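Below is one structure; the comments refer to it alone.
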Amino acid sequence: MSNKDTFFLSTPIYYVNDAPHIGHAYTTVAGDVLTRWRRQRGEKVWYLTGTDEHGTKVQRAAEANNVSPKMWVDKLVKEAWQPVLKTIDAVNDDFLRTTEERHIKGVQKFWELVKSRGFVYQAEYQGPYCVGCEEFKLPGDLNEVAGEQLCPVHGKPVEILSENNWFFKLSEFGPQLLAHYEKNPEAVQPESAYNEVVSFIKQGLVDISMSRSAVSWGIKLPWEDNQVVYVWFDALLNYVTASGFEADKDLFEKTWPADVHLVGKDILRFHAVYWPAMLLAAGLPLPKCVFAHGWLLVGGEKMSKTKLTGISPNQIVDYVGSDAFRYYFLSAIKFGQDGSFSWEDLTARYKAELANGLGNLASRLTAMVGKYFENVLPAPDIYNDEDKKIIELAKNAAVAADQAMVKLDFSSGINQIRGIVEATNLYITEQEPWKVAKDPTQEKRLATILYVVAELLRIVAVLYHPVMPKSSQLLWEGLGAAEVLGELSGQLVSTTFEFGLLPVGAKTSKGESLFPQLADDE
Ligand code: MSP
């Protein structure tokens, strides 16, 4: 019987040839929102991220900067990759660096095992290699431009290698992988990614080098000192070396197989073909889902440092804050599709949806409870049809948001929550509490309207917490909910399917603005 009790989500581990750009932060934010959401469903969660530190690309970056690869990676990881998690407000449970001993040992044990099971042999590799992708390219992968073979992702000529390497018998696993994907269509998502993977496998798999003889910056093959493990066959193993394979049986049984490997679509083949084949070769269970998201584009092309189109997460977070960063990328782009970033769009959405939408709603409510009820949430009277309608709307939206988020349909999930905010703003405009307040005989109606709005905001705070932890926290405090309901992070998503949980008598306060004016508007 399986002991697995933990939802395990991973990001890819990032190359440390350079500092992070928003394309990298995008994956990490998506993972963070999903894991926070799952935690608020009361699930046990383990969120893994890290850095991919070996290989030619990193080695060359270090050489170009006249430092050793180890000095280079140590500096970049400490000064850029680990701090970016804080910048975007991501909370991971582990951060694996492939230069760590626990990983190196695990990788060597894994390949010993696969070799002992007869899936590794020595042969000559001759063919194209893209250092940007760190990938042995297949004939159909390349674009021919003016007689040169270019990598379609990096737009750069490939290098032609001729090396005596060790090979992994990938070709043996085609039928097993096809059977697996036929039986588990949810194992690769979205559907376009699934189709791409299945058709790639159907074309026939060829064996692939699992070692490099011409590279020195890597993990030594346990059976041959002068070769290193091919960087992808080192990196992919992070998912099991971090989760306890060979080192912590208890952790491994609780976490493995991974529930979701989040990846960009450029690294789908590694995750949905090579990785499961490696696991089959080692006799380990396969991950439940590989989800491939799209690219952030600049000028119609993948944003990349190589092409000098990378925007650093700090540039955006310094301007709109980490909450708006998280909200923007997950709501403006459908997860699984490509999307273009523009400052204009970011600013427009910040103002309309966050500052004037949610921010304004929260300040209207706390101002009115302050003015009319001395900051003490009043008891509602009988709900009329308008009240019942919006209560029902919120309930349906909360259920729909939950369904969308667990399917990684973040934009639809956020849309549902935003729908509650918009409907509530409209409700206030229509109910005109400021007019009701003028008639002393209507005090009960005024109390009902404000209670309804406060309660809808409680629901919004809980639902938005995984997406925008900081402003939801401010909202929670403004509602006086922390004192009576406890920590916001402890509120289950299911509490948003119910209405009336915010206790009467909660002490509201008009705290700082949830979404302050942007620097250029002041
Ligand atoms: N080191 C490998 C992954 C190994 S996982 C075992 C790698 N690293 S990477 O730094 O190049 O990319 C990491 C992730 O960032 C990938 O999922 C990639 O798709 C994503 N992105 C890099 N640029 C991107 C955009 N412009 N847009 C969206 N995501 C992008 O590949």
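A few remarks follow.
- 5 angstrom amide H check on Ile311, placed H, neighbours 5+ away: Ile22, Gly23
- Region 7-293: antiparallel DSSP beta bridges as a percent of all, rounded to 5: 55 percent
- If the segment from Ile382 to Met71 were pulled out straight at 0.36 nm per residue, it would be longer than the present Cα-Cα gap by 105.1 nm.
- Each of Ala19, Tyr47, Val206 was scored by the projection of its Cα onto the charge dipole of region 7-293, and the greatest displacement toward the positive side belongs to Tyr47; charges sit on the C-beta of Lys, Arg, Asp and Glu.
- Ordering of 198-207, 365-374, 271-280 by burial proxy (mean other Cβ atoms within 10 Å per residue, highest first): 271-280, 365-374, 198-207
- Cβ charges +1 (Lys, Arg) and -1 (Asp, Glu), total dipole of region 343-521, debye: 180 debye
- Inter-label distance, nm, simple model (7 Å from Cα along the C-beta direction), Leu492/Lys249: 3.4 nm
- Note on Ser2 and Glu124: their simple-model spin labels are 4.5 nm apart, each label 7 Å out from Cα toward Cβ.
- Take the Cβ atoms of Leu308 and Asp338, set R0 to 30 Å, and the FRET efficiency comes out at 0.95.
- Links that overshoot a 30 Å alpha carbon limit, given the list Lys288/Lys389; Lys115/Lys137; Lys351/Lys510; Lys78/Lys407; Lys202/Lys305: Lys288/Lys389; Lys78/Lys407; Lys202/Lys305
- Anisotropy class of region 7-293 from Cα gyration tensor, a/c 1.5 cut: rounded
- With respect to the chain, whose longest principal axis is taken over its alpha-carbon atoms, helix 469-478 is tilted by about 20°.
- Surface composition of the chain: carbon and sulfur make up 51 percent of the accessible area, probe 1.4 Å.
- Student exercise, region 1-126 dipole from Lys, Arg, Asp, Glu Cβ charges, in Debye to nearest 20: 340 debye
- Dipole magnitude of the chain about its Cα centre (Cβ charges: Lys, Arg +1; Asp, Glu -1), debye to nearest 20: 460 debye
- Length-normalised contact order of region 7-293 in % [C-alpha pairs under 8 Å, at least 6 apart]: 22 percent
- Per residue, the solvent-accessible area of the chain (1.4 Å probe, heavy atoms of protein chains only, all protein chains present) comes to 41 Å².
- Accessible heavy-atom area order of Lys86, Lys510, highest first, probe of 1.4 Å: Lys86, Lys510
- Built amide H within the under 5 Å cut-off of Gln149, gap 5+: Val158
- Of Gly155, Trp223, Phe7, farthest towards positive along the dipole that unit charges on Lys, Arg, Asp, Glu beta carbons give region 7-293: Phe7
- Between region 233-306 and region 313-340, the Cα center-to-center distance that results, in Å: 23 Å
- Amide H within-cut-off set for Asp52, under 5 Å, with H built and near neighbours excluded: Tyr14, Tyr15, Val16
- Treating each Cα of the chain as one equal point scatterer and applying the Debye formula with no solvent, the log10 of I(q)/I(0) at q = 0.10, 0.13 Å⁻¹ comes out as -0.82, -1.22.
- The slack in the chain from Glu392 to Glu512, taken as 0.36 nm per residue of separation less the alpha-carbon distance, amounts to 40.2 nm.
- Cα-derived Rg over Rh, computed across region 152-285 with Rh taken as Kirkwood radius: 0.97
- Rounded to the nearest 10 degrees, the angle from helix 174-183 to the longest Cα principal axis of the chain is 20 degrees.
- Antiparallel bridges, percent of DSSP beta bridges restricted to region 57-166 (to nearest 5): 100 percent
- Ordering 53-60, 174-181, 163-170, 37-44 by mean Cβ neighbour count within 10 Å, with the highest value first, yields 53-60, 163-170, 37-44, 174-181.
- Region 467-511 shape via C-alpha gyration tensor axes, a/c threshold 1.5: oblate
- Helix 360-373 and the long axis of the chain differ in direction by around 30°, with both axes built from C-alpha atoms.
The values are calculated or read from the model by the stated rules, or taken from the named source; none is laboratory data. The model shown is predicted, which means the values in this text are computed figures rather than measured ones. Every residue, glycine among them, receives a Cβ derived from its backbone with ideal geometry; neighbour counts consider all protein chains shown. Only protein heavy atoms, including side chains, enter the accessible area calculation; ligands, DNA and RNA are left aside. Shrake-Rupley method; radii C 1.70, N 1.55, O 1.52, S 1.80 Å.
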